[in-house]
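Here the structure is laid out as structure tokens; the discussion comes afterwards.
The values are calculated or read from the model by the stated rules, or taken from the named source; none is laboratory data. As the structure is a computational prediction, the values presented were derived from the model and not from experiment. Reconstructed Cβ throughout: ideal geometry from the backbone, glycine too, with neighbour counts over all protein chains shown. For accessibility, only protein heavy atoms count, side chains too; no ligands or nucleic acids. Shrake-Rupley method; radii C 1.70, N 1.55, O 1.52, S 1.80 Å.
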Amino acid sequence: MLSELGLSFILSAGILSTIRTKGMSDKVKIDKIFEHTKTWIVTEKGNKKKPVFIRKEEIGDTGTKYVYRLPLGLPSKLLKKLNENIGIFKDGLHKNVEVEFDGGMLHINVYEEDLPAKWDYNELIPKLKEGSWNIPVGKTFKGLIYHDFDKIPHSVVGGTTRYGKTVYLKGLITSLILSNPNDAEFYIVDLKRKLEFNRYENLKQVINVAGTPDEALEMLSDLHIRMESMMDYFRKNGFNNIVQTPIKKRMFVIIDEANRLVPENSKDKVRISIKRHLEDIACVMGGLGVRLIFCTQYPVATTLPRDVKQNSDAKVSFRLQNKYASEVVLGEENSHAAELPDIQGRCIAIHGSNLLEMQTPLITDEQMTELLSPYVENGRIEQIEEHKHSDDVIQIRNVE
Ligand SMILES: Nc1ncnc2c1ncn2[C@@H]1O[C@H](COP(=O)(O)OP(=O)(O)OP(=O)(O)O)[C@@H](O)[C@H]1O
Ligand SMILES: [Mg+2]
């Protein structure tokens, strides 16, 4: 029986200097860090059960994985702590370190080289797969990682100004369109008065780009009505998730500058309604095929609705100004986004339980415009505008 858990990460400078002993192998340093951080379980008899070293493996050309078996009963909550305190490993080893959990095993991955400071979006194109919603999103120490939008529908993106949020969104939109030109649909809210996304309004996959809160509310209300008819179809056919249906369409609601949607006061009816719509999307519409990507510059609790955060299993954070902002996006006691190097496109990605440092691809507007040029429908905007002013305001598209 296990009676007590020791897992503490309060390291004094003295302890770190002990770990920084010259000539020690990485394996010995890791063991020392476990020792100093009390990564063990104390049994009723007072015995310490520590992670047991199993083996060492190479990861590509520049990494080494140290595999440990964990003592039974070490709860995942405390394992999360290891990730939250990854800085201790990085400082102790003077290398890049990732912690992962796999099948009850703890992996400490140690990398000799840093991530690239920049890489071009064109490099990613050969990795896109037709018809797949599993999209490559960035380079980690282990290589390219993917986000499967059918498994993790919603994501939150945070980051201080000029570190790469909008470029990340543009890369995602391009990848989603290139892999699913007939099935990806976008509802974009660009509160920089459409400065960033205006030029993509003519793409056949872009249903609408809203540049003001009023336009955003109209757009989200349209989507809501469309989803009501989708819900009826689901009910009639006994479906509860789009992945079980023959429907291939996926609707992406992309909010850039979400911080500008925060209700200013209780009379701010438009923003309050928008917030409700976003919560509704996060809580209910994932199953119907709607995927929310909620992007904010100033992550404070008021700019990130609780339901949106809780239902977003993917979190991406570029550099943030402080620990508090990092915790709002990445979770309690997770200050990694405040500790990122000063590199545009560098971020922390959390997918489910994995936390990884990632460099996103750089895509320019010229590249995006060229890649998506086959999908430009000239005159489409005018048609939508005319349509809006006719009696039939709602653009419900056929779902099948
Ligand atoms: N992945 C990347 N690799 C290299 N440079 C990048 C990358 N992403 C962004 N940049 C550089 O950073 C600049 C700002 O990026 P971006 O517009 O995406 O920032 P942002 O976070 O959206 O800022 P804001 O909050 O002010 O809108 C880009 O113009 C580009 O030069
Ligand atoms: Mg931006």
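What the table below lists for this structure:
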quantity	calculated
Unit charges on C-beta of K, R, D, E only; dipole of the chain, Debye	1640
Under the Karplus curve 6.51 cos²θ - 1.76 cosθ + 1.60, θ = phi - 60°, whole-Hz ³J(HN,Hα) for the stretch 36-49, x wherever Gly or Pro sits	6, 8, 6, 7, 7, 10, 9, 7, 4, 7, x, 7, 8, 10
Distance in nm between pseudo-label sites at Glu339 and Glu264 (7 Å out along the Cβ direction from Cα)	3.9
Among Val253, Val376, Val316, residue whose mean-square fluctuation peaks in a GNM of the chain (springs only between Cα atoms under 10 Å)	Val376
Surrounding net charge for Arg250, when Lys and Arg each add one and Asp and Glu each subtract one, Cβ distance under 10 Å	0
Karplus 3J(HN,Hα) series, Hz, for the stretch 116-121 with 6.51 cos²θ - 1.76 cosθ + 1.60 (x for Gly, Pro)	x, 7, 7, 8, 8, 4
Charge tally in the Cβ shell below 11 Å around Ser155, where Lys, Arg are +1 and Asp, Glu are -1, Ser155 excluded	+2
All-pairs alpha carbon distance profile, the chain, 20 Å steps from 0, percent	25, 51, 21, 2
Farthest positive-ward along the stretch 41-194 dipole, Cα basis, beta-carbon charges - from Ser179, Pro71, Ser132	Pro71
Ile272-Asp365 FRET efficiency (beta carbon distance; Förster radius 41 Å; 0.05 resolution)	0.75
Restraint check, Lys248/Lys309; Lys29/Lys151; Lys142/Lys309; Lys27/Lys49; Lys90/Lys275; Lys56/Lys170, Cα-Cα greater than 29 Å	Lys29/Lys151; Lys90/Lys275; Lys56/Lys170
Stretchable slack from Ala301 to Thr64, in nm (0.36 nm times residue separation minus alpha-carbon distance)	81.5 nm
Taking the stretch 121-389 and dividing mean pair separation by its residue count, relative contact order in percent (alpha carbons under 8 Å, at least six apart)	26
222 nm mean residue ellipticity, helices alone, for the chain (DSSP H n ≥ 4; -39,500 (n - 2.57); rounded to 500)	-9000 deg cm²/dmol
Segment Asn322-Asp91, extension gain: residue separation times 0.36 nm, minus the distance between their alpha carbons	81.2 nm
For Ala282, net neighbour charge (Lys/Arg +1, Asp/Glu -1) across residues whose Cβ lies under 9 Å away	-2
Average accessible area per residue (Å²) across the chain - probe 1.4 Å, nucleic acids and ligands excluded	47
Most mobile of Ser326, Ser312, Ser229 in a GNM of the chain (Cα contacts under 10 Å)	Ser229
Fraction of accessible area attributable to carbon and sulfur, the chain (%, probe 1.4 Å)	49
Between helix 213-237 and the chain: long-axis angle, C-alpha atoms, 0 to 90°, nearest 10	90
Residue list for the stretch 346-378, given a label point 7 angstrom along the Cα-to-Cβ vector of Asp102 and an amide N cut-off under 19 Å	349-358
Positive dipole terminus of the chain, leading residue within Ala210, Leu355, Met24 (C-beta point charges)	Met24
Percent antiparallel among DSSP beta bridges (both partners in the chain, rounded to 5)	65
